[in-house]
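Report on one structure; see the data block that follows.
None of the figures in this text is laboratory data; all of them are computed from the coordinates on show. What you are looking at is a predicted structure, and each value in this text was computed from that prediction instead of being measured. In this analysis, Cβ positions are derived from the backbone assuming ideal geometry, glycine residues included, and neighbour counts consider all displayed protein chains.
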Amino acid sequence: MIRELRLRSLGVINEACVPFAPGLTVLTGETGAGKTMVLTGLGLVMGAKGDAGVVRTGEARADVDAEFVVDDETSQLAQELGADLDADPDGQVLLLGRSVAAEGRSRAFVGGRGVPAASLADIAERLIAVHGQSDQILLRDARRQRELLDRYAGPDHGIALETYRDSFQKWRTLDRELAETIRRRDELTREVALLRHGIADIAAVSPVEDEDILLKEQASVLANASELLIDVMAAHDLLVGGEDSDVASALTIVGQAQRLLERASVLDARVVEYRDSLLTTTEALTSLAMELGGHARDLEADPSRLAAIEDRRQAISALKRTYGPTLADVLHWWQDAQGRVDSADPDRMDALQSEVAQLRAGVESQAAAITSSRQVAAEAFARAVAEELHALAMADADLRIEVAAGEPGPDGADAITFLLRPHAGSDFRPLGRGASGGELSRIMLAIEVVLADGHSVPTFVFDEVDSGVGGKVAVEVGRRLARLSRQAQVIVVTHLPQVAAFADQHVVVTKGTGGAITATSVQVVDGDDRVRELVRMLSGLEGSESGATHAAELLALARQER
């Protein structure tokens, strides 16, 4: 539940703190006193768009903070966002905040940690639901009517609906792929023929990664084999000595030095280290000479091998000109073309058609189950709402919810229509055409009362849900709001004293003489102050004795009902 809403530099509000209590809280005040700004503040902490127009003239920014007592699940979600929460006897206390700068930028906070506005909305939607006159308009919408029926149908229905939506999405995605494949069938046939020709060209050569670089190196070696052989053998002879050479070889010189150091080491032990180093050098030179000799034997000129390499280089170059420019590009084209040919294969087409048919059958089966669930829920939901309407001074009203199955869509295969018969002898007509504003207010309230047993949020906010009604009907609206508040926190902005009388807490918003709302302009009233506010709402005449009597009667009636 929400415990407190703090507003600073928001519209006409300079600074205000709006307290809320469990049960039913009503906000009243003269038209233009600033009640709308309170709801605007609530909207901001619920993630609504931050408009610079809400910032009080002359101020740099507007700030809104709301203090909530939250359950463990919401607490965990907030902590995952890095929020800090305070322990409280009632539970964990979470602070949601929003700051809107005069130049239009806004910042959102959850538990003191900056978050995107979308994350703020994710948290807030678990805590509070706001219903205003715009919801009465939405109630005429078929999509809104479907959502309400699905809520009433329960959690198992909701799980089945989510499963259906996943299946529907898979089916539609694959069905579009099949349709596109069929549309491009002739084009694909020509494309596949060209792809297969290219695949055959590349497959005939079957190049491997970086083969062109390796072949270039091999060709260079073979083309210069004679010169390389002369240099390698000359280096070999310098190490071990050639047959006709009069120059001492490196191994001979190192051997002589080694023998000298061997003799010197007898007299000076420090020379042993140098002698051993020369021994290591001798072994390394011997090994190197053997490797050079082996390399020289491999350098024999092989014209046929060179010709084969050059032929392959030309074949790879031809592929690079056509499918390149690099060998890596050729190999990528080869792999991609093979995949496209495989996907266009007639067998693939048959498999795709079979899979689409299976998915459609599954979607239709799931849609039929959802239709059946909705039909069962529709009868019970309509009956329960109609009973509430009878208590809201629509004694002969009846509600019918039609569930007409059709083609599968994203939310099932059903067209949902709420039909109202406002009084006996009239016809059932869709809410969009047959219900007045006052009737829509009562229908919306009746629906919320019916849904309250399975409500998903702890707090409901109603903005003038009582518009278009008065007298006895207003009393019944107040009674139903009080009933709803037994199961959830309810906050109501109202102009009707009959509704305000049922409040557990009555908050009055007044505008100061300077046109601004300050902290002292939002007050919880009780006793005589509450009676005076009800008198103002009843007659607009301060000090009216008849108004005070009427207000006292309303309060007594509300206490008796509670």
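General observations
- Pairwise label distance in nanometres, VAL272 with GLU180, each label 7 Å out on the Cα-Cβ vector: 8.1
- Given R0 = 51 Å, the distance between the Cβ atoms of GLU355 and ASP529 translates into a calculated FRET efficiency of 0.10.
- Percent of alpha-carbon pairs separated by more than 18 Å within segment 316-385: 68
- Taking label positions 7 Å along the Cα-Cβ direction at both GLN338 and ASP88, the computed distance is 6.5 nm, reported to one decimal.
- At 1.567 mPa s and 4 °C, Stokes D of the chain from Kirkwood alpha-carbon radius, µm² per second: 40
- Surface/4 estimate of mean projected area, convex hull on alpha-carbon atoms of segment 19-125, nm²: 7.6
- Alpha carbon centroid spacing (whole Å) that separates segment 354-408 from segment 245-278: 104
- Square roots of 5 times each gyration tensor eigenvalue, C-alpha, segment 192-343, largest first, Å: 55, 20, 8
- Of the peptides 122-128, 24-30, 167-173, the order by per-residue mean of other Cβ atoms within 10 Å, starting with the highest, comes out as 24-30, 122-128, 167-173.
- The chain: relative contact order as a whole-number percent, Cα under 8 Å and 6+ apart: 21
- Taking each DSSP H run with n ≥ 4 as -39500 (n - 2.57) and averaging over every residue of the chain yields -19000 deg cm²/dmol at 222 nm.
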